[in-house]
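Undergrad: Below you will find the structure I want to go over with you.
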């Protein structure tokens, strides 16, 4: 018997208790313990019913994914659950915390399910590119109906106990002590006699679904846009359909077949990589866990524009008061109106109440007075991307902020060290690069300066979690990690168009790959005038081919993108749908002629490699320079900041999956064709020669 699972008795009721911290994962020891304790309880003539409960903070929270990829050892979870369901003595699951994935499947194998009101139930497997593989797709629709089961399994989000009870997933919500409530129910059902109800034998909801032949096709249509490119949601639907079309045992076999296909797929490997990468990203090797944090009770934001307003909402959403500063009353009032409009939109969608909106708006105080910043614990500058302006602001902050206050810049490209040097306390300066729209995007690049203190770093990483962001620590260089790689991507996209492709072809290849939009549609959304003004200020590079020609020529014509109704594409009034424009094609052909480039047909695979491989190459340089701590950190930045598809694992994981030797060889060929811009990174060359991956580092 496993020491992770214990057996005790409450008179005639056996209590099987699981204790496998931190989340009671269904590891081999837990599975063995459950099987052994159940067998002992069933063999004890004094035992009339069984309760399965967990110690610690949660019920069984799913499979131990550290066991994925290893040879499975018996007892397998479906066998344990079948033994529970076949029990002649009633078995009651007592749920607190969360019953997730395999944990919920164990509960569904029990004859009754009770939970505390704060509990949640769900099947998150789809987020790992998987489906419930221990009967979840077969038992859930029998209990709660096909459509609710599809929503629970395919969405991957847990539902609260009250909803689970309403849908029939739970039999009872326990007020007071959970164990006492579960034991009371066990005594009651044992006294009633008869065979306990077995979920696998329920037929009412299955028969209902058979009379609704369109339920599966309709559901699949409803998720097409949101789940574009993901394979696991389709396999989940297929498995639930098997519950309707096949007898239970055959349905179980189909579920296992589909699970096996998912678990060995590239998509699941990529999504599991992302799962672990999200947890790894919070670890900073030279910043100990016990580093003291700076309390952040009030925040100042400088700049009431799009970024400043969005950042203000992030802190107000977390209940942290904000002092929002700008240089004029008109700018402040305009910024507050946009914040109110954004909150109003969430109220209309039913995501927050009007009362909650007013509460959050009440936490944001507009001001014109820098003196008010003397009382804040953190101030974030979010003004236009101009070094002289940022230096001027940090000079003022140095005079008004408390000595222990954190002074942060939201710069997306500029040198944080140069900004810090205008202050008398560079150790308090850090970059907090939010992504637009700041109140929506989950990524926060935390830019560590050469003198940024460890408490400031630790506080920033902790604060990211508090405001529901994924904070990734990066070093200082132009564009940091995300935008530095983005330049390589957009550079090649522009060159491809000069050489023979068209914006709509490049964008189609990239969206087919899985990004939400291609580089040209993205440029139109962001505004072509932004990059144009930056390039004008910096000047054209003297020693390399210039990649801003098309964007600059469009911007010079006032074609700024969606904001003007014309950019790389044209846009109908009130629409964000890009429409190819013959005028742009004419301009592109003219530019090619001026550059003396003979246009040619370019295949989709060449476009894909020309856009994605330079990102991988640049990521290798970033790693070697120490700008990013781990290749997986780069993947997280690109998934949560730029929409790189999680089912491809991020650009660095994608490079690993393609094979770094293949990536390196192709980059060498591109260097021969296109010159030194394609010089392979030394790290990429070494790993390719050694047959290693970025993940091996």
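Undergrad: In which sequence would 638, 678 go, from the one with the fewest C-beta neighbours within 10 Å to the one with the most?
TA: In order of increasing Cβ crowding within 10 Å: 678, 638.
Undergrad: How high is the FRET efficiency from residue 345 to residue 36, r the C-beta distance, R0 60 Å, rounded to 0.05?
TA: 0.65
Undergrad: Taking a virtual spin label 7 Å from the Cα of residue 526 along the C-beta vector, which residues in region 299-319 bring their backbone nitrogen under 15 Å of it?
TA: Only 307 fall inside the zone, counting backbone N under 15 Å.
Undergrad: From the C-alpha gyration tensor of region 482-594, pull out the three semi-axes of the equivalent ellipsoid (sqrt of 5λ each), sorted largest to smallest, in whole Å.
TA: 20, 16, 15
Undergrad: Based on the mean of other Cβ atoms within 10 Å per residue, sort peptides 593-602, 498-507, 667-676 so the most packed one is first.
TA: Ranked from most to least packed, the peptides come out as 498-507, 667-676, 593-602.
Undergrad: Sorted from fewest to most neighbouring beta carbons within 10 Å, what does the list 312, 575, 632 look like?
TA: 575, 632, 312
Undergrad: Which angle from 0 to 90°, rounded to the nearest 10, does the C-alpha axis of helix 582-594 make with the longest principal axis of the chain?
TA: Tilt of helix 582-594: around 50 degrees.
Undergrad: Also, quick follow-up: Find how many whole Å separate the alpha carbon centroid of region 253-332 from the alpha carbon centroid of region 374-389.
TA: So the two Cα centres are separated by 20 Å.
Undergrad: Nearest 10 degrees, 0 to 90: what angle lies between the long axis of helix 28-43 and the longest principal axis of the chain (Cα atoms)?
TA: Taking Cα atoms only, the helix is inclined about 20 degrees.
Undergrad: Which three numbers, in whole Å and largest first, are the semi-axes of the equivalent ellipsoid of the chain derived from its Cα gyration tensor as √(5λ)?
TA: 50, 31, 25
Undergrad: Now for a different question. In whole Å, what is the distance between the alpha-carbon centres of region 493-519 and region 100-117?
TA: If we compute the Cα centre of each part, the gap is 47 Å.
Undergrad: A further question follows. Give the Cα extents of region 5-264 along the principal axes, in whole Å, largest first.
TA: 54, 40, 33
Undergrad: Report the antiparallel proportion of the DSSP beta bridges in region 1-101 as a percent, rounded to a multiple of 5.
TA: Close to 40 percent.
Undergrad: Hey, another quick one. By how many degrees, between 0 and 90 and to the nearest 10, does the Cα long axis of helix 482-499 differ from the longest principal axis of the chain?
TA: 70 degrees
Undergrad: I'd like the antiparallel share, as a percent to the nearest 5, of DSSP beta bridges with both residues in the chain.
TA: Antiparallel bridges make up about 30 percent of those DSSP assigns within the chain.
Undergrad: Sorted from largest down, give the three principal axis spans of the alpha carbons of region 619-692, whole angstrom values.
TA: For region 619-692, the Cα spread along each principal axis is 34, 24, 23 Å.
Undergrad: What residues of region 555-570 lie in the reach of a label at residue 594, counting those whose backbone N is under 13 Å from a point 7 Å from the Cα along Cα→Cβ?
TA: 555-557, by backbone N distance to the label point.
Undergrad: What 222 nm value per residue comes from the helices of the chain, counting each DSSP H run with n ≥ 4 as -39,500 (n - 2.57) and dividing by all residues, nearest 500 deg cm²/dmol?
TA: Here the helix-only value at 222 nm equals -15000 deg cm²/dmol.
Undergrad: Another question, then. For region 333-403, what is the relative contact order in percent, using Cα pairs closer than 8 Å and at least 6 residues apart in sequence?
TA: Computed over region 333-403, the figure is 28 percent.
Undergrad: Each label point is 7 Å from the Cα along the Cα-to-Cβ direction; what then is the distance between the points at residue 27 and residue 217, in nm?
TA: Result for the modelled spin labels: 4.8 nm.
Undergrad: OK, next. Please give, to one decimal in nm, the separation of the simple spin-label points placed at residue 436 and residue 465, each 7 Å out from Cα toward the Cβ.
TA: Modelled inter-label distance: 3.1 nm.
Undergrad: How many angstrom lie between the C-alpha centres of region 413-480 and region 1-47?
TA: Using only Cα atoms, the two centres lie 48 Å from each other.
Undergrad: Could you work out the relative contact order of the chain, using alpha carbon pairs under 8 angstrom and six or more residues apart, expressed as a whole percent?
TA: Relative contact order here is 9 percent.
Coordinate-derived values only; no laboratory data. Small disclaimer: the values here were computed from a predicted structure and weren't measured. FYI the Cβ positions are ideal-geometry reconstructions off the backbone, even for glycines, and counts take in every protein chain you see.
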